[in-house]
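Before anything else, here's the structure in question.
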2 protein chains.
Amino acid sequence: MNAFEKLMAFQHQTEALAQIAGRLGWDQETVMPRGAADQRAEEFAAIEAVLHARRTDPHVRDWLAEVDDAALDPVGRAQIRHIRRDVERAARVPEALASQIARLTSRAQGLWAEARANDDFAAFAPILEQVVALKREEGAAIAQSARAGAVYDALLDGFEPGTSADDLERMFAAMRPRLVALRAACLERPAPDGLSGQFDAPAQMRLARRLAETFGYDTMRGRLDKAVHPFSAGSGADVRITTRTDPDDPFNCLYSTIHEVGHGCYEQAIDPAYALTPLGQGASMGVHESQSRIYENQLGRSRAFAGWLFDRMRESFGDLGIHDADAFYRTVNRLRQGYIRTEADEVQYNLHIMMRFDLERALIAGDLAVADLEAAWNDRFEADFGFAVDKPSNGCLQDVHWSVGLFGYFPTYALGNVYAGGLHQAMRVALPDLDADLAEGRLARATEWLRDRVQRHGGLHEPSQLIEAAVGAPISEAPLLDYLEQKFGAIYML
Amino acid sequence: MNAFEKLMAFQHQTEALAQIAGRLGWDQETVMPRGAADQRAEEFAAIEAVLHARRTDPHVRDWLAEVDDAALDPVGRAQIRHIRRDVERAARVPEALASQIARLTSRAQGLWAEARANDDFAAFAPILEQVVALKREEGAAIAQSARAGAVYDALLDGFEPGTSADDLERMFAAMRPRLVALRAACLERPAPDGLSGQFDAPAQMRLARRLAETFGYDTMRGRLDKAVHPFSAGSGADVRITTRTDPDDPFNCLYSTIHEVGHGCYEQAIDPAYALTPLGQGASMGVHESQSRIYENQLGRSRAFAGWLFDRMRESFGDLGIHDADAFYRTVNRLRQGYIRTEADEVQYNLHIMMRFDLERALIAGDLAVADLEAAWNDRFEADFGFAVDKPSNGCLQDVHWSVGLFGYFPTYALGNVYAGGLHQAMRVALPDLDADLAEGRLARATEWLRDRVQRHGGLHEPSQLIEAAVGAPISEAPLLDYLEQKFGAIYML
């Protein structure tokens, strides 16, 4: 075997172990006995130690040094690009710092959950300050620079390779005023009707399974279960998704399912030749989110598809208290005043992200002290949303991300929406009569278009190149904003 | 850290990884998507490679050489005993032979399944011959001797440390004529009634869950699911069991559940101080089987408990076509003429084992050629069971064990029954009024006695020492035989 083949054989085993670790997470959230939590933590620590040792194995550096990139085909070069990036990132972070972060964030997550339950930001602030300090150190080590912008970009690069905070700042600056205005205009108008009726959990799950199938999720290579928080786990031939049921709100279950189906279908569609290699996963967090969002929103919340879903829901639940498909469409798209990011609609969601992006950059730069985070959050929230935060669990304690050190992750959600906006515009050009399909619950042409343009490539291309090639235009927030203003302008008769 | 502490820290991580590998097996048999089988094979190979590398890690040998056994307490010495034994066994088997066996048995299992489906022993014989040859080589390497008895004992020692084929041969020689005679006498008498009625799967599973709880299985640290073959997986705080349902035969589900509950409760009862150490598992296959068997048979099929179960079954399924608890007791204990080991009753089960023990020793010794196995099997079966084997799937192709190289495993099932016989006799002396409890479905005193005498010790003692201390007498087949002759003599009015 030459150095490249040795690398790939080693990586194949590492990827298989990573799949096992991911499935351990699935198991924990779905079927693990409650009393097994402590033992599970030991099991996670053991497999993470194995994975860490493999990622920093000196053989990998030696093989990488030996590989002749010029002799490789484009797939081989892309494999090496991923391995090299991971190795370089890992090598730059001192072992002691990495394990300090692992230990601290494990503790911080527990304190965050407690602080959120008690609505007590002060109880969480001291450890968050330590997390911020260590993540700043980690970012500086990866960036090999202490410049604030470089530090944040290094963290962001771990989730969205090739994107900088400056790019995002420009994009978000264009989005924010239009979204704030759109939000305010919609909420001044009369609210669409809500649902009435009985929504028992087994019927919700039956319809969720039908939706998963409708959107092309392959249950021969995956499964749908219930969990407290919906998620998708795994790659290749074993991609599992979860959803949840709320007796008062079937949309929570159904649209969470479509969202996770978007993630799951992406992983299932990746070229099987890339299985258990660095290319055998979605290209980035942002690209992943673009798929889940376009399934959930641009397709799942379209007028055409809503008509089909309206009929299916009446078959499942009887009278919904909604008189026709147009009213149903307005219901699945209605804006509500709310504090919580994960419950936000298409218009407001990105406003939640942008404030987190600005606040976390300020924290990492040292321009915002953790002690001042709650006040800064509440000020910004009121500025964008027009009403005051009532308690920290509805404010800066609502998300787990910062407690576990995920700085640079939030903006990929908004970036995913932007990618989805561009992809949707291009898809509608390519498939001008798509609504006729959607109205009959036929998603195949839409999902095949996405499979062909985006999903099958896995990690072959850099995220921005992948999206630009799929869309046929530079990445821009304009298609998303145009779509939102047009859609919600019509719904709210602005 | 001194050498002992380093060893234990290393071992802790290895045990955690072994738990993960075990859970991967559970996942495969219960929830894995069907299309994930190939990927799962890669995942298994990856984690097995990690475990193998740890088991043969040169550091372990160095630490073992440094450990001062005399400075350790009895628990520490027992830990070292386990680690040393595993390391020595692993070190004696050349790497090339180990991986040759792994590859060959993986292939042989597939060919066995095909041959069984086609009732074609000749299609399986050539690869079984290779498996026998390699296992003989492996046994000789471990024994450091080519003497037939030593080779087989080395294989047996992997499942039941401290037991020799000579011990078993003496024991089985005493058992066989009495069991053959008891079997023949029972089958000459009129057969007890069978069940009639409807046994829907959800009701079977509800009763199975109630039985699991009744026998003390802790679902906070475990779970019960359905699988094609009942099994138990995991140790410590995450011990899962499975059962199956047959619409015509609820006893299959219920007694499989009690059997697996015996295995599961054993693992759950081990001193938590031994968790994720070499002591944190059952002492041997035989001791494990003694617990599952005593739960299933001596307790679960006792007259007193059968009365309680009869009432529960009528609550669940209505009329069973059986007029009273005495008749029900005869039904759950009835002997039937059959080919299949896993379906055999208490009297006939050990006869199935003994013939496998004799045949596999002859194979390993080279006294029996694989080409002659089918004929030898059929002759022996007719001699002990009094009727002829009709086809290989009911004969020498019925069990998976030999195809995957499990030579030396079968006798531990019979040894488990012998241990259970001794334990049961001692338990009845210690708890003379136990039947009053069993008649009301109260298992606590029986299971606590087993927990205290056997289960909590995990791997602290050698299997035979553990059982002898629990029973208070040398290991003997006499209590089991006396129990069987008395119980079935009464049931069949011999």
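Got a sec to turn the phi values of segment B:341-351 into Karplus ³J(HN,Hα) couplings, 6.51 cos²θ - 1.76 cosθ + 1.60 with θ = phi - 60°, whole Hz, x for Gly and Pro?
Karplus-based 3J(HN,Hα) across segment B:341-351 equals 4, 5, 9, 7, 7, 4, 6, 8, 3, 5, 5 Hz.
Could you work out the relative contact order of segment B:118-494? I mean the mean sequence separation of Cα pairs under 8 Å and 6+ apart, divided by the number of residues, in percent. Could you put the intermediate results ahead of the total?
Working: 565 pairs, mean separation 92.3, N = 377.
Result for segment B:118-494 is 24 percent.
If you don't mind, there's one more thing I want to ask. Of the GluC sites (Glu not before Pro) in segment A:232-296, which ones lie in a loop per DSSP and count no more than 13 other C-beta atoms within 10 Å?
Those that pass, being in a loop and sparsely packed, number zero.
First measure r as the distance between the Cβ atoms of residue A:372 and residue B:65, then evaluate 1/(1 + (r/R0)^6) with R0 = 45 Å and state the FRET efficiency to the nearest 0.05.
Plugging the Cβ-Cβ distance into 1/(1 + (r/R0)^6) gives 0.15.
What do you get for Rg/Rh of segment A:251-314 when both radii come from the Cα atoms and Rh is the Kirkwood radius?
Rg/Rh for segment A:251-314 comes to 1.10.
Would you calculate the volume per residue, in Å³, of the smallest convex hull containing every Cα atom of segment A:3-92?
It comes to 100 Å³ per residue, whole-number rounded.
Then there is this: Can you give the direction-averaged projected area of the convex hull of the alpha-carbon atoms in chain B, in nm²?
Result: 22.8 nm².
To continue, here is another question. Taking Cα atoms, how many degrees apart are the long axis of helix A:478-491 and the longest axis of chain A, rounded to 10 and kept between 0 and 90?
20
Run the paramagnetic zone check for residue A:382: 7 angstrom along Cα to Cβ, then residues of segment A:310-343 with backbone nitrogen under 17 Å.
Output list for this probe position: A:338-339.
When only alpha-carbon atoms count, how far does segment B:201-305 stretch along each of its three principal axes, as whole angstroms with the largest first?
43, 26, 21
Same structure, new question: If you take the square roots of the eigenvalues of the alpha-carbon gyration tensor of segment A:232-279 and sort them as a ≥ b ≥ c, do you get rounded (a/c under 1.5), prolate (a/b over b/c) or oblate? Each step should come with its number before you reach the end.
Working: a/c = 4.97, a/b = 3.32, b/c = 1.50.
Prolate.
Between copies, how close do the residue A:110 label points come, placed 7 Å along Cα→Cβ, listed in nm from shortest?
4.7
A further question on this structure: Taking chain A as the reference, fit the longest principal axis to its C-alpha atoms, fit the long axis of helix A:444-453 to the helix C-alpha atoms, and give the angle between the two in degrees, 0 to 90, nearest 10.
Compared with the principal axis, the helix lies near 30 degrees.
Enumerate the amide H contacts of residue A:93 below 5 Å, restricted to partners 5 or more residues apart or on another chain; note that Pro and chain-start residues carry no placed amide H.
Amide H neighbours of residue A:93: none.
Averaged over all directions, how much area does the convex hull of the C-alpha atoms of the protein assembly as shown cover when projected, in nm²?
Taking the Cα atoms of the protein assembly as shown, their convex hull projects to 43.6 nm² on average.
Oh, and also: Within a 10 angstrom radius of each residue's Cβ in B:40-49, how many Cβ atoms of other chains show up on average? Whole number is fine.
5
Also, I was wondering about something else. For segment A:71-149, what class follows from the C-alpha gyration tensor (a ≥ b ≥ c being the square roots of its eigenvalues): rounded when a/c is under 1.5, otherwise prolate if a/b is larger than b/c, else oblate?
Prolate.
Now a separate question. Kindly list the residues of segment A:405-445 that lie in the label zone of residue A:229, defined by a backbone N under 15 Å from the point 7 Å along the Cα-to-C-beta vector.
A:405-411, A:413
Quick one: which residues, 5 or more positions from residue B:225 or on another chain, have an amide H under 5 Å from its amide H? H modelled 1.01 Å from N in the peptide plane, none for Pro or chain starts.
HN-HN under 5 Å from residue B:225: B:241, B:242, B:243.
Could you tell me how far the Cα centroid of segment B:263-278 sits from the Cα centroid of segment B:342-415, in Å?
Result: 32 Å between the Cα centres.
Still on this structure: When the chain is fully extended, how far beyond the present Cα-Cα distance does residue A:147 get from residue A:2, taking 0.36 nm per residue of separation?
Full extension from residue A:147 to residue A:2 adds 48.2 nm.
By per-residue mean of other Cβ atoms within 10 Å, what is the highest-first order of B:194-203, A:243-252?
The packing order, highest mean first, is A:243-252, B:194-203.
Could you check the spin-label model distance between residue A:193 and residue A:119? Points 7 Å from the Cα along Cα→Cβ, value in nm.
3.5
Just to confirm my numbers, what's the Cα centroid distance between segment B:59-82 and segment A:35-113 in Å?
33
Here is a further query. Calculated FRET efficiency, residue B:429 and residue B:56, Cβ-Cβ r, R0 45 Å, to nearest 0.05?
0.45
Here's another thing I want to ask about it. Among A:270, A:323, A:257, whose Cα projects farthest towards the positive end of the dipole of segment A:237-339, with charges put on the beta-carbon of Lys, Arg (+1) and Asp, Glu (-1)?
So the residue we want is A:323.
Quick check on chain B: helices-only [θ] at 222 nm, where DSSP H runs of length 4 and up contribute -39,500 (n - 2.57) each and the sum goes over total residues. Nearest 500, please.
Using -39500 (n - 2.57) per qualifying helix, the result is -21000 deg cm²/dmol.
Further question on the same structure: What is the spin-label model distance, in nm, from residue B:209 to residue B:49 if the labels are put 7 Å beyond Cα along the C-beta direction?
Distance between the two pseudo-spin positions: 4.1 nm.
Still on this structure: Could you give, in nm with one decimal, how far residue A:146 is from each other copy of that position, shortest first, with labels 7 Å out from Cα toward Cβ?
The answer, with the shortest distance listed first, is 7.2 nm.
With θ taken as phi - 60° and the coefficients 6.51, -1.76 and 1.60, list the Karplus ³J(HN,Hα) couplings across segment A:465-476 in order, rounded to whole Hz; mark glycine and proline as x.
Karplus values, whole Hz, x for Gly and Pro: 5, 4, 5, 4, 5, 5, 7, x, 7, x, 5, 8.
Near the amide H of residue B:368, under 5 Å away, which other amide H atoms are found, from residues 5 or more places off or on another chain, if H is placed in the peptide plane?
Distant-sequence amide H within range of residue B:368: B:363.
From the label point of residue A:247, set 7 Å along Cα to the beta carbon, how far off in nm is each other copy's matching point, shortest first?
3.3
Short version: what are the Cα gyration tensor semi-axes of segment A:40-191, square root of 5 times each eigenvalue, largest first, in whole Å?
Computed over segment A:40-191, the values are 35, 26, 15 Å.
Using the Karplus equation 6.51 cos²θ - 1.76 cosθ + 1.60 (θ = phi - 60°), what ³J(HN,Hα) coupling, rounded to whole Hz, does each residue of segment A:134-139 give in order, writing x for Gly and Pro?
Rounded to whole hertz, the list is 5, 5, 4, 4, 5, x.
Ok, one more. Could I have the simple spin-label model distance between residue B:394 and residue B:326, label points 7 Å from Cα toward Cβ, reported in nm to one decimal?
3.4
Evaluate E = 1/(1 + (r/R0)^6) for residue A:98 and residue B:111, where r is the Cβ-Cβ distance and R0 equals 35 Å; express this FRET efficiency to the nearest 0.05.
With R0 = 35 Å, the Cβ-Cβ based efficiency is 0.15.
Every read-out reported here was derived from the displayed coordinates using simple, explicitly stated rules and does not represent laboratory data. Quick caveat: nothing in here was measured; it's all calculated off a predicted structure. Virtual Cβ from ideal backbone geometry, glycine too; neighbours counted across all protein chains shown.
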